[in-house]
Amino acid sequence: MTDGESVGQSPLTAARRVWEVIRRRPRAAEAALCAAVFVTTLFIAFDGPTEDLAIRSLSDVPFAPLFVLAVACGALYWRRSQPLTVLGVTVAAMVLSTGMGYSEMAGGIAMLVALYSVGRHVLHERWSYLGLGAAFAGLSFDYFSDEMSAPQLGFGLVVLSGVWYVGGRVRARAERAARLEREQAAEAHRAVAEERTRIARELHDVVAHRVSLMTVQAGAARTVAGDDPQAALRAMEAVEDAGRQALDELRHLLGVLRPRLDGGPLEPQSGLADVARLVDQFREAGLDVTLTMSDVPTELPARVDLSAYRIVQEALTNVLKHSRPGARGDVRLSADDHAVAIKISNDGPTSASAPGTGHGIMGMRERALLLGGSLSAGPLPDGGFSVEARLPIGGGAA
């Protein structure tokens, strides 16, 4: 980063730091606001027929209007929790100061802050409009007391309306942002629930397959137990092995929410042995894909084999959907004693709807996390997109 860039970004950085301080210490920020409004109103005055800006001396302010101003500014401390009450206090302070003959001490800045708070924090529009009307009435009192002219009154009403409107717009934007955040959270929760349901169904199919094998082998062992004890022993060993694998799969089913068990015909589960056929299908669809498999074992835990296949399938589907003509995909599979490593990338240009904008990345990551693995996805520096996953073979962290 150059010196010019650092200087250009420093005001923004400072503003962010100030905002973070305000967010962490809102009460201290409100107290500082009260003090700033009080000092500004106390020492700044408009003197002479041309209303020139001047600095007022503290000795020029009698105690009564000074006390009224202090109350009005101090009330701003509760402007978020009690905005209508605070506005009432500031309007009353304006009227009292005018009645004392010190209209320039009316605390107009305090009333503007309070009116903004009404627009920002009052949820019911009827009460918000009532607050705006109260501010209009307080300003009109100065006009009927011959403290301001008709043009000044008109300008003041415009300023009050603008401040109140800005507060309302800020509130509306905050509500929309909060609503959008809730909708996104609900959508993400729904997508995760759906993906977990699908994963639970697939794992259930694997366990059912193991139990079926156990049943068949146990029946065979009982049939030949009298005539061929060795064959019966081998059958029982197969039952034991299938049972261990089924228990292993059941452990990964615990805690996975599965609202319903129905939903479509069951199909044989796929695995890494089927990736070559999967790549051929994408080639037939028009995607230029290369496949490299290095030291991938033929025997993998069923949940790992299935999840690895699904990750490759989803990543290639994203490439096909989001890449423009001319894109080339690359699938690399490797393994060691601990985990299976998967990398799917494409080096071609992508459309405006980039990969990962839907639930595909979320579903792949959920699969990896349920196995104790990890998955990362993102754009490449030279264009294209990359998905990398690592799935532990033994059930531990990859």
- Meets criteria (surrounded by fewer than 21 Cβ atoms within 10 Å (Cβ to Cβ), without any contact (Cβ under 8 Å) to a residue 60 or more places away in the chain, over 21 Å from residue 71 (Cα atoms) and under 44 Å from the mean Cα position of the chain (by Cα)) for residue 162: yes
- Query: Take the residues of region 314-331 that are of a type in the set (A, V, I, L, M) and modelled with pLDDT of 85 or more: which is farthest from residue 366 (Cα to Cα)?
  - Reply: 331
- Message: I'm trying to understand the selection: among the residues of region 283-299, which are modelled with pLDDT of 80 or more and surrounded by 19 or more Cβ atoms within 10 Å (Cβ to Cβ)?
- Response: 289
- residue 217 assigned to a helix (DSSP H, G or I), crowded, with 16+ Cβ neighbours inside 10 Å, of a type in the set (S, T, N, Q) and modelled with pLDDT under 85: yes
- Query: What number of residues within region 376-389 satisfy the criterion of being buried (at least 20 other Cβ atoms within 10 Å of the Cβ) and at pLDDT 85 or above?
  - Reply: 3
- Any chance residue 170 is surrounded by 12 or more Cβ atoms within 10 Å (Cβ to Cβ), closer than 26 Å to residue 121 by Cα and in contact with a Leu (Cβ under 9 Å, 6 or more places away or on another chain): no
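Per-residue answers, yes or no, for (1) touching a Gly at 6+ places or on another chain (Cβ under 9 Å); (2) modelled with pLDDT of 75 or more:
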position	(1), (2)
182	no, yes
185	no, yes
188	no, yes
212	no, no
227	no, yes
251	yes, no
258	no, no
261	no, no
- Message: Take the residues in region 283-342 that are small (Gly, Ala, Ser) and in contact with an Asp or Glu (Cβ under 9 Å, 6 or more places away or on another chain); name whichever of them is farthest from residue 200 (Cα to Cα).
- Response: 326
- Query: Within the set of pairs 6 or more residues apart or between chains, which connect a residue that is more than 18 Å from residue 287 (Cβ to Cβ) inside region 302-326 to a residue that is at pLDDT below 85 and among the acidic types (Asp, Glu) with Cβ atoms less than 7 Å apart?
  - Reply: 302/249; 303/249; 306/202
- Just name the residue that is surrounded by the fewest Cβ atoms within 10 Å (Cβ to Cβ) out of those in region 332-353 that are charged (D, E, K, R) and modelled with pLDDT under 90. 337
- Message: Going through 91, 86 one at a time, which residue ends up being touching a Phe, Trp or Tyr at 6+ places or on another chain (Cβ under 7 Å), at pLDDT 85 or above and under 24 Å from residue 155 (Cα atoms)?
- Response: 86
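The values are calculated or read from the model by the stated rules, or taken from the named source; none is laboratory data. On a predicted model such as this, the values are computed, not experimentally measured, just so you know. Methodologically, a virtual Cβ is constructed for each residue, glycine included, from the backbone with ideal geometry; neighbour enumeration extends over all protein chains shown.
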